[in-house]
Amino acid sequence: MAELRISRRDAPPRSVWALEQAGVHPLLAQLFAARGVRSNDELDDGLARLIPPTELLGAQAAAVLLADAIAARKRICVVADYDCDGATACAVALRGLALLGAAPATLQHVVPDRAVHGYGLTPTIVDLALGQGPDRRPDLLLTVDNGIASLAGVAHARALGLDVLVTDHHLPAKEGEQIVLPDANVIVNPNQPGCGFPSKNLAGVGVMFYVLLALRSELRARGAFSAEQQPRLDALLDLVALGTVADVVRLDANNRRLVAQGLRRIRSGRMHPGIAALFSAAGRDASRASGFDFGFALGPRINAAGRLSDMSLGIECLLTDDPARAAQLAQTLDTINRERREVEAGMREQAEAMLEMLMPEGDAPPALALYDPEFHEGVVGIVAGRLKDRLHRPTFVFALGQDGLLKGSGRSIPGFHLRDALDLVTKRHPGVLKRFGGHAMAAGCTLAEEDFDTFDGALQQVAHEWLDAATLSRTLLTDGPLPAEYFNAETVRSLDAQVWGQAFEPPLFCDEVEVVSQRLVGEKHLKLSVRHAGALRDAIWFGHTEPVGARVRLAYQLRVDDYNGQQRVQMVVEGAG
């Protein structure tokens, strides 16, 4: 394990005071201020506070293209992606276009198979869309959560006479230092050059939702309906919220509004049958829905389809209006997710055995690259993330793809921009990386098996240059001590009602406690009884087996533990120092 440092977030007193004066609960005021909130206006989650679609470059042009296509009854084929963001974006696109007047017979979708087609709008996917028969030949390809780097695929589609609308949120491709964009009819992406949209953190599903907002405005201007009679696109926000949280994008104020609105609908019972069925399959209570449910219960079940099976199952679950069919599909997705967990657990054991050989003294190198012919391509990203969390090192895990090339997925730590690192590797070793792309914290690449050692050495070299001891030590940012009067179920309910997530992390408190007793449960979790503020508290540290000292500083979240009809507030330990 990497060395752990526990530090406290800074909550500017002026911001805390301003929030309290506006009526925010003192504990929440402290937590919000520590996450950069300066005024109560930033906490207003009303739809009227959303950044308008007029500020999103390309949204108006996309609206015109789609409005013309709907009027001419052109066939629109949505090109999806095989993760939860892509699946929800596909469902939002198809449901939204239907709401706005597109005839059902003109709407279709295709989704790549991870192992067969690769990522994005490839020429192969274009041919797949065209291969559905002459009576189903699309006129317009609409990408969701992909396409910004699909230069060859877009060119292929345009050469065949198809219109292409790219909606995406990923970074564009580069040739050398030059950004290159696909030759699509229209591109909508907050991260494309020249786009001044204030939130660069929209997920793919968020971008598609914004395109629909622009389309509704265009159709209203054309007289298709009045403002009073226009379709209610907020009915799609349960899907938007799920995809936004599951894609782990930064929850800035705009994204928090989208998620809050989706959660509000779900808690009141207004959700699509597939969302309700996924809550049921996961054993979660939709009336108390939280971002945690999206990230750790629903999202993984949708993602499992794209990892081990066919993402069309996940998309169908989100598209069906038949509750019985939704329940059947959700159960299938649950079964696939259980299989995914087994595959992941086996791979993680293999990977950790490899690590023991790589670092017998326990000192991890500054970056990790692991490959085994038995690894499964569908879960390399999850395993990379687990190892990154355990060792606090940038980590790539590779599996052998059906085309004979190694497919790698990487996860990183603050201070090490993964895509930039891959860019430097390819400059120093031209030809080693066949393809690569991604973000600061997550990226993917493809290489030949015989080039793995070269890649490993090159990645290590970049890590040695970019990382130092401070960066390589894990830091837990906490919110400091929790006043004893807030250690109750009411506080837990209040915290759970808020929107937490990436870059707006859930509260993590830190207190020094006296350990009264400790024991292992389930052979892999440490159960503690501690004295905190003069009272005995229950605590549990999942996945931790080493005992702690008689007095220890615990970093923990608050949870309500339901057991045998009894509710007890519990510390869920994240670390100790």
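The values are calculated or read from the model by the stated rules, or taken from the named source; none is laboratory data. Note that this is a predicted model, so its numbers are computed, not measured. Quick reminder, even Gly has a Cβ in these numbers, built from the backbone with ideal geometry, and neighbours come from all protein chains shown.
Just one of the listed residues (LEU558, LEU520, LEU476, LEU526) is touching a Leu at 6+ places or on another chain (Cβ under 7 Å), closer than 30 Å to LYS200 by Cα and not in a loop (DSSP other than H, G, I, E, B), namely LEU476.
For the stretch 275-284, state whether one or more residues are farther than 29 Å from PRO507 by Cβ and either in a helix (DSSP H, G or I) or assigned by TED's automatic domain parsing to the domain that holds LYS388 (or both). Yes, the stretch 275-284 contains at least one residue that is farther than 29 Å from PRO507 by Cβ and either in a helix (DSSP H, G or I) or assigned by TED's automatic domain parsing to the domain that holds LYS388 (or both). Test PHE292 against the stated conditions and say whether it is over 17 Å from the mean Cα position of the chain (by Cα) and either outside any loop (DSSP other than H, G, I, E, B) or surrounded by fewer than 24 Cβ atoms within 10 Å (Cβ to Cβ) (or both). Taking the combined requirement at face value, the residue does not satisfy it.
Could you pull out every one of the helices (runs of 4 or more DSSP H) wholly within the stretch 1-97 that has 2 or more residues that are under 25 Å from ALA203 (Cα atoms)?
Where helices (runs of 4 or more DSSP H) fall fully within the stretch 1-97 and carry at least 2 residues being under 25 Å from ALA203 (Cα atoms), they are 26-34, 59-71.
If you go through the stretch 422-446 and keep only what is basic (Lys, Arg) and not in a helix (DSSP H, G or I), you end up with LYS434, ARG435. For the stretch 113-125, the condition holds for at least one residue, the condition being that it is hydroxyl-bearing (Ser, Thr, Tyr), in the same structural domain as VAL207 (by TED's automatic domain parsing) and part of a loop (DSSP other than H, G, I, E, B). For the stretch 225-234, indicate whether the set of residues that are farther than 13 Å from GLY96 by Cβ, out of contact with any strand residue (DSSP E or B) (no Cβ under 9 Å at 6 or more places or on another chain), among the aliphatic types (A, V, I, L, M) and part of a loop (DSSP other than H, G, I, E, B) is non-empty. Yes.
In this structure, PHE487 does not qualify as outside the structural domain of LEU28 (by TED's automatic domain parsing) and either surrounded by 17 or more Cβ atoms within 10 Å (Cβ to Cβ) or modelled with pLDDT under 90 (or both). The single condition among (1) surrounded by fewer than 24 Cβ atoms within 10 Å (Cβ to Cβ); (2) within 20 Å of the chain's Cα centre (by Cα); (3) part of a helix (DSSP H, G or I); (4) without any contact (Cβ under 8 Å) to a residue 40 or more places away in the chain that GLY262 does not meet is (1). Considering GLU546, GLU574, the condition of being surrounded by 16 or more Cβ atoms within 10 Å (Cβ to Cβ), acidic (Asp, Glu) and touching a residue at least 12 places away in the same chain (Cβ under 8 Å) is satisfied by GLU574 alone.
For LEU219, the conditions (1) of a type outside the set (Gly, Ala, Ser); (2) part of a helix (DSSP H, G or I); (3) surrounded by fewer than 24 Cβ atoms within 10 Å (Cβ to Cβ); (4) free of Cβ contacts under 8 Å to residues at least 40 places away in the same chain are fulfilled apart from (4). Scanning the stretch 304-326 for residues that are of a type in the set (S, T, N, Q) and modelled with pLDDT of 95 or more turns up just one, THR320.
Tally up the residues in the stretch 183-194 that are farther than 22 Å from ASP68 by Cα and in contact (Cβ under 8 Å) with a residue 40 or more places away in the chain, please.
Total satisfying the criteria: 4.
Among the residues of the stretch 481-492, those that are touching a residue at least 40 places away in the same chain (Cβ under 8 Å) and of a type outside the set (Gly, Ala, Ser) comprise LEU482, PRO483, TYR486, PHE487, ASN488, THR491, VAL492.
Only residues that are of a type in the set (A, V, I, L, M, F, W, C) and at pLDDT below 95: list them for the stretch 425-444, please.
PHE436, ALA440, MET441, ALA442, ALA443
All conditions but one from (1) of a type in the set (D, E, K, R); (2) over 29 Å from the mean Cα position of the chain (by Cα); (3) assigned to a helix (DSSP H, G or I) apply to ARG493; the one that does not is (2). Of the numbered conditions (1) crowded, with 22+ Cβ neighbours inside 10 Å; (2) under 21 Å from ALA442 (Cα atoms); (3) touching a His at 6+ places or on another chain (Cβ under 7 Å); (4) not basic (Lys, Arg), LEU318 satisfies every one except a single condition; which is it? All conditions are met except number (2). When the stretch 465-480 is filtered for residues that are surrounded by fewer than 14 Cβ atoms within 10 Å (Cβ to Cβ) and either hydrophobic (A, V, I, L, M, F, W, C) or free of Cβ contacts under 8 Å to residues at least 40 places away in the same chain (or both), the ones remaining, listed by number, are GLU465, ASP468, ALA469, ALA470.
Number of residues in the stretch 357-411 that are in contact with a Lys or Arg (Cβ under 6 Å, 6 or more places away or on another chain), farther than 27 Å from THR475 by Cβ and part of a loop (DSSP other than H, G, I, E, B): the value is 1.
Results for (1) at negative phi; (2) surrounded by 16 or more Cβ atoms within 10 Å (Cβ to Cβ); (3) in a strand (DSSP E or B), shown as yes or no for each residue.
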{"site": "ASP135", "(1), (2), (3)": "yes, no, no"}
{"site": "GLY147", "(1), (2), (3)": "no, yes, no"}
{"site": "ALA152", "(1), (2), (3)": "yes, no, no"}
{"site": "ARG158", "(1), (2), (3)": "yes, yes, no"}
{"site": "GLY161", "(1), (2), (3)": "no, no, no"}
{"site": "HIS170", "(1), (2), (3)": "yes, yes, no"}
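Residue-by-condition table, conditions (1) in contact (Cβ under 8 Å) with a residue 40 or more places away in the chain; (2) surrounded by fewer than 23 Cβ atoms within 10 Å (Cβ to Cβ):
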{"position": "GLU377", "(1), (2)": "yes, yes"}
{"position": "ASP389", "(1), (2)": "no, yes"}
{"position": "THR395", "(1), (2)": "no, no"}
{"position": "ASP420", "(1), (2)": "no, yes"}
